[in-house]
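The values are calculated or read from the model by the stated rules, or taken from the named source; none is laboratory data. Bear in mind that the values here come from a model prediction, so they are computed numbers and not experimental data. Cβ sites come from the backbone with ideal geometry, for glycine too, and all protein chains shown count toward neighbours.
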Amino acid sequence: MSSSKNYRWGVLGTGYAAREFTSGLQSLENATVTAVGSESSERASNFAKSHSIETSFGTYDEVIHSDSVDIVYVGTVAPLHRKLCLQAIEAGKPVLCEKPFAMSAAEASEIAALAKAKSVFCMEAMWSRFIPLMVDIRSRIRSGEIGEIVSVAADFGLRQTPLSNPRLFHPEQGGALRDLGVYPISLAVEYLGMPDDVRITCAFGQGGADVRAGGSLHYQTGAIATVMADISAATPTVATIIGTEGFIEIQSPMYRPTRAKITHTSIPGPATQSSKSRSGVSARVHHVASAVKRQLLKSGKSLAAGYRGNGYQYQAREVMECLDRGLTESSTMPLSQSIEILKVIDLGLLSKNKTPTDE
Ligand SMILES: NC(=O)C1=CN([C@@H]2O[C@H](COP(=O)(O)OP(=O)(O)OC[C@H]3O[C@@H](n4cnc5c(N)ncnc54)[C@H](OP(=O)(O)O)[C@@H]3O)[C@@H](O)[C@H]2O)C=CC1
Ligand SMILES: O=C1CO[C@H](CO)[C@@H](O)[C@@H]1O
């Protein structure tokens, strides 16, 4: 389904995310960016010129209250997300807000509560969930192709320094967990829900930001997720979703993938004649090895799906389709999960085993 109405978007922010999002949005036929806002009228005006946007404002507030804006995109640094989302919702404007959705689960809950009270649409810009391959993977998992999900493993690491990317090393504007960890955690929360126990530890840099974070999420069902995020070292940036009847390996970059592999597994059959005739440990080893071989023989169907442009437009299309249908939330990225992602991050940042690092 694609939205029929033409929606006018107002962009808050003029940085990297705002630029990428605006380019993506401008590739959609039914969306127009009509206004951009910044804390500096010069930055807003330059952004408007380079993206052919008709109006620029030197405040975010003017965009939110502009009569020519139907939907607000919050693309500023995270400490401003709460305030800007609340202002937009108060003004009755649907909001799409960058990740991390807020600075804490408490802030996210406040936004979600106001959106609910005012019946205004609000969604975290977790663009990964709307990338075509992720949509395909979701539908396979929902139809039971790999059975019940018991484990998710995902990492996202970039090799950056405080000089190459100061925002990432700012304890409030970045940090490994809030900036990159949201993607692995979002995947775990999507397929396993809110964990019953979070065991994440962080290594903090001299500037106070967590530069590396890793650990596990545990569920009463016995399911376990492992997550890793790093802003100072590149990691494979891959993900694996494991079910009782198979697994899906999402190739790099796991947050906007185009390739994956699905493997269907089977329960190893009874021991073969030859292994039955052997005795002791060697027979057992032979039996397990041949079972593994049989499983691998059943494996390995490639999944591939490209995406158009920079991929940021799919989340915007979701917002507009939800509005067409009169919804105040997306079922693919519900606010309850944005809150859960931040609960996990809050717990991770509180972890007792803080390790200092030179980075
Ligand atoms: N979805 C994605 O792929 C990506 C998402 N992000 C997310 O987007 C948000 C912005 O990140 P990004 O665009 O990379 O950051 P940038 O540093 O490139 O831009 C930051 C933006 O926030 C505004 N801002 C307001 N107050 C401050 C302040 N005190 N210090 C710095 N900037 C400020 C800036 O100014 P002004 O508006 O006044 O011009 C600018 O618009 C973050 O939440 C980040 O996690 C980031 C990268 C990619
Ligand atoms: O969210 C993000 C997605 O990827 C970017 C790098 O390509 C990050 O910098 C960013 O914060």
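A few remarks follow.
- Top-ranked residue in region 15-45 [being more than 15 Å from D61 (Cα to Cα) and polar (S, T, N, Q); ranked as nearest to ligand 2 (Cβ to nearest atom)]: S23
- When S56 is tested against (1) farther than 22 Å from M320 by Cα; (2) near ligand 1 (Cβ under 10 Å from one of its atoms); (3) not in a helix (DSSP H, G or I), only condition (2) is not met.
- Residue check for M126: surrounded by 19 or more Cβ atoms within 10 Å (Cβ to Cβ) and in contact with a Lys or Arg (Cβ under 7 Å, 6 or more places away or on another chain): yes
- D197 passes every criterion in (1) in contact with a His (Cβ under 6 Å, 6 or more places away or on another chain); (2) within 16 Å of ligand 2 (Cβ to nearest atom) apart from (2).
- Among the residues making up region 49-64, those that are within 19 Å of V77 (Cα to Cα) and surrounded by fewer than 23 Cβ atoms within 10 Å (Cβ to Cβ) are F57, G58, T59, D61, E62.
- Among the residues of region 7-39, those that are within 16 Å of V74 (Cβ to Cβ) and of a type in the set (D, E) comprise E20, E39.
- Among residues of region 151-171 that are in the same structural domain as Y219 (by the TED database), those with a beta-carbon under 9 Å from a residue that is surrounded by fewer than 14 Cβ atoms within 10 Å (Cβ to Cβ) and part of a helix (DSSP H, G or I) at least six positions away or on a different chain give the pairs R167/Y16.
- Count - residues of region 80-121 that are of a type in the set (D, E) and in a loop (DSSP other than H, G, I, E, B): 1
- Selected residue (only one of F47, F101, F57 is within 18 Å of the chain's Cα centre (by Cα) and of a type in the set (F, W, Y)): F101
Rundown of residues vs (1) part of a helix (DSSP H, G or I); (2) buried (at least 24 other Cβ atoms within 10 Å of the Cβ), yes/no style:
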{"site": "T161", "(1), (2)": "no, no"}
{"site": "L180", "(1), (2)": "yes, yes"}
{"site": "Y183", "(1), (2)": "yes, yes"}
{"site": "A188", "(1), (2)": "yes, yes"}
{"site": "M194", "(1), (2)": "no, no"}
{"site": "Q206", "(1), (2)": "no, no"}
{"site": "G215", "(1), (2)": "no, no"}
{"site": "T221", "(1), (2)": "no, no"}
{"site": "V227", "(1), (2)": "no, yes"}
